[in-house]
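What follows is a set of notes on a single structure, which appears directly below.
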C-alpha cells in the first residue's frame, strides 16, 4: 500500500475509532473482545481499502465490516439469548404514571443503563446503539446492516420501548421511582 | 387505546426530533404538542431517555492501547505490501 493511500486511509478511517470501539463494546459486551474486534475490522478495512469508493461514507463502510466480523467470528462466542419477550411491547407512559416525563432517567447510573442495553437481543441492540447512542441516520444504519429503512425504524421503536420498560422497572425496584397506582 | 391523532404524533416524534418531517407535518405536530398533555409529556420522556443513552455511551472512548495497536497494524501492512 502506497504512502499516500495509507495517509488517506488514516484520514478517512481513524476518526471513527471511538464509534467503532463503542459499537464493538455493546456488541461483544467486553472491552478486551471489543478491542480485538476493532483491530480485526481495521485490518480487514485496510486490506479492502481499494474497494472503498472515495467520497462515500467511511463510517458506514467500517460499521458494516465490524458487524460482519462480529456475525462471522464473534456472535457464536457470545452470551446466551436474553430471554426478553420481544413480542410484548410496553405501553408508553400514561400522564397518570409517576414521572411521565422520564426525569428518573437522569438518576440512573451508566452501568445500569448499559446493562439494560446489553440485555437486548442482537438485532435490536445494534440498531439502538447505532441510532440512539452513536447518532447514525436511518439510511446509514440500513446500509450498514443491509436491511430496509422500515425495518430499522420498527426495530428501533420496539427496542426503545422494551429498554424504557426495563429501566422503569429497575427504577421502581430501587426506589428511584414510585410504582404506578393500581387501576380502579 | 390512544386517539388516532396521538398515535400519529407518537409515530412522528422521532422524525420530528431528527428534523426529517415535512414542513406541514412539522407544523401539525407542533400544534398537537401544544394542545395534548400526554404527547407533550411523552416527547419530554423520549428526550430524557435519549439524552441518557447518549451520556452513557459517550463515557467510553477508544482506549489508547487500541489506538496504538491500530497504528501498528497500519504500519505493518504498509511495510508488507
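Contact annotation: residue pairs with Cβ atoms under 6 Å, 6 or more positions apart or on different chains, pairing a residue in the stretch A:121-133 that is under 15 Å from residue A:149 (Cα atoms) with a partner that is not in a helix (DSSP H, G or I), are A:130/A:136. Every test in (1) buried (at least 17 other Cβ atoms within 10 Å of the Cβ); (2) more than 7 Å from chain A (Cβ to nearest Cβ) is passed by residue B:62 save one, and that test is (2).
For residue B:53, are the conditions met, namely being within 7 Å of chain A (Cβ to nearest Cβ), part of a helix (DSSP H, G or I) and within 30 Å of residue A:2 (Cα to Cα)? Taking the combined requirement at face value, the residue does not satisfy it.
Within the stretch A:166-177, the presence of a residue that is away from chain B (no Cβ under 14 Å), in a helix (DSSP H, G or I) and touching a residue at least 60 places away in the same chain (Cβ under 8 Å) is excluded. Looking only at the stretch A:147-184, filter to residues that are in contact with a helix residue (DSSP H, G or I) (Cβ under 7 Å, 6 or more places away or on another chain) and within 15 Å of residue A:96 (Cβ to Cβ); which one of those is modelled with the highest pLDDT? Of everything passing the filter in the stretch A:147-184, A:177 is modelled with the highest pLDDT. Filtering the stretch A:137-151 to residues that are away from chain B (no Cβ under 11 Å) and in contact (Cβ under 8 Å) with a residue 12 or more places away in the chain leaves A:140, A:141, A:143, A:144, A:145, A:146. Look at (1) under 26 Å from residue B:20 (Cα atoms); (2) at pLDDT below 95; (3) buried (at least 19 other Cβ atoms within 10 Å of the Cβ) and you find that residue A:123 fails only one, number (3). Does residue A:117 satisfy the criteria of being assigned by TED's automatic domain parsing to the domain that holds residue A:153 and either at pLDDT 80 or above or loosely packed, with under 14 Cβ neighbours inside 10 Å (or both)? Here the answer is yes, as residue A:117 does meet what is asked.
In this structure, residue A:134 qualifies as within 11 Å of another protein chain (Cβ to nearest Cβ) and out of contact with any strand residue (DSSP E or B) (no Cβ under 6 Å at 6 or more places or on another chain).
Evaluating residue B:52 against the criteria (1) under 21 Å from residue A:138 (Cα atoms); (2) exposed (fewer than 15 other Cβ atoms within 10 Å of the Cβ) leaves one unmet condition, (2). On the stretch given as the stretch A:1-51, residues that are closer than 21 Å to residue A:133 by Cβ, part of a loop (DSSP other than H, G, I, E, B) and without any contact (Cβ under 8 Å) to a residue 40 or more places away in the chain total 1. Filtering the stretch B:9-25 to residues that are more than 20 Å from residue B:50 (Cα to Cα) and surrounded by 11 or more Cβ atoms within 10 Å (Cβ to Cβ) leaves only B:25. Taking the criterion of being without any contact (Cβ under 8 Å) to a residue 24 or more places away in the chain, outside any loop (DSSP other than H, G, I, E, B) and away from every other protein chain (no Cβ under 14 Å), the residues of the stretch B:1-45 that qualify are B:4, B:23, B:24, B:25, B:26, B:27, B:28, B:29, B:30, B:31, B:34.
Identify the residue in the stretch A:34-47 that is more than 7 Å from every other protein chain (Cβ to nearest Cβ) and buried (at least 17 other Cβ atoms within 10 Å of the Cβ) and, among all such residues, is nearest to the chain's Cα centre (by Cα). Looking at the filtered set, the residue picked out is A:34.
The values are calculated or read from the model by the stated rules, or taken from the named source; none is laboratory data. Model, not experiment: these values are computed from the prediction. Backbone-built Cβ (ideal geometry, glycine too); neighbour counts: all protein chains shown.
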